[in-house]
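One structure is given below, encoded as structure tokens.
The values are calculated or read from the model by the stated rules, or taken from the named source; none is laboratory data. Remember, it's a predicted structure, so these values are computed and weren't measured experimentally. Backbone-built Cβ (ideal geometry, glycine too); neighbour counts: all protein chains shown. Surface areas here come from the heavy atoms of the whole protein model, side chains and all, with no ligands, DNA or RNA. Shrake-Rupley method; radii C 1.70, N 1.55, O 1.52, S 1.80 Å.
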Amino acid sequence: MVFIRFLITAIICFSISACGWHLRGSVSLPEDLRELALESDGVNATVIREIERAFELNKIELVDAQYAPYRMTLSDEFEERRISAVSSDGLAERISLTLSVAFVIENQDGFILGEPGKATVTRSYGFDRQNVAGKAAEEQLVKQEMRQELGQQLLRRYRFLAANGTVTKPVDNSVPVEAIDSTQPVSNP
């Protein structure tokens, strides 16, 4: 009987792993993407902690920029809370929360991978004027989930851009010295 249970458990485990199933939030990364420098400019510390946590849970070591093959810079955090629905008596019935962060991913040579982007999460919850304290606690939980989702979005975008991203080289509009003919007079149009 024990052997049959073991056999059934083994078959279920193998079939789940064969179909590509994995735990929510886990992203498989190649070894060369396992180190990253994470920098921020004006982003809330609680948001940064959740983003760092998402990367660390997926076995990405956050290192100093001089040692990292890639650098992600976060900026322009935006947080909004607004009433999204009102009741027939004109009082708030639903609240919408939005959290977004702009990001840029660069390789160690300073070239930007892909285009600079923005990760955004929006959630709403019902508001009960009879239970304001309970809804305030619910809002904090919703914000925590939003920060976790933001970290997961940035992790997925990092994985995609670092593995498949095209390098955007800085545009150099200067004229090379070799192209200037010193025998021709310079004219202004």
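Report, by residue number, each residue of segment 70-117 that is of a type in the set (Phe, Trp, Tyr) and surrounded by fewer than 16 Cβ atoms within 10 Å (Cβ to Cβ).
Correct list: Phe78, Phe111.
From the list Leu29, Leu36, the one residue that fits, being at pLDDT 70 or above and not in a helix (DSSP H, G or I), is Leu36. Figure legend. Inter-residue proximity from segment 156-171: first residues at negative phi and among the polar types (S, T, N, Q), second residues open to solvent by 90 Å² or more (accessible area, probe 1.4 Å) and modelled with pLDDT of 80 or more, beta-carbon distance below 9 Å, spacing 6+ or different chains. Indicated pairs: Thr168/Glu115.
Close contacts from segment 83-106, counting a first residue that is farther than 14 Å from Gln153 by Cα and a second that is open to solvent by less than 30 Å² (accessible area, probe 1.4 Å) and assigned to a loop (DSSP other than H, G, I, E, B), with Cβ to Cβ under 7 Å and a gap of 6+ residues or different chains, come to Glu93/Ser87.
Residue-by-condition table, conditions (1) at pLDDT below 85; (2) assigned to a helix (DSSP H, G or I); (3) surrounded by 14 or more Cβ atoms within 10 Å (Cβ to Cβ); (4) of a type outside the set (Phe, Trp, Tyr):
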residue: Gln153; (1), (2), (3), (4): no, yes, yes, yes
residue: Phe160; (1), (2), (3), (4): no, yes, yes, no
residue: Asn173; (1), (2), (3), (4): yes, no, no, yes
residue: Ser182; (1), (2), (3), (4): yes, no, no, yes
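Of the residues screened, Arg147 is not one that is open to solvent by 60 Å² or more (accessible area, probe 1.4 Å) and at pLDDT 50 or above. Mind listing just one residue for me: the one in segment 53-66 that is part of a helix (DSSP H, G or I) and open to solvent by 40 Å² or more (accessible area, probe 1.4 Å) and, of those, nearest to Gln140 (Cα to Cα)? Among residues in segment 53-66 that are part of a helix (DSSP H, G or I) and open to solvent by 40 Å² or more (accessible area, probe 1.4 Å), the one nearest to Gln140 (Cα to Cα) is Arg53.
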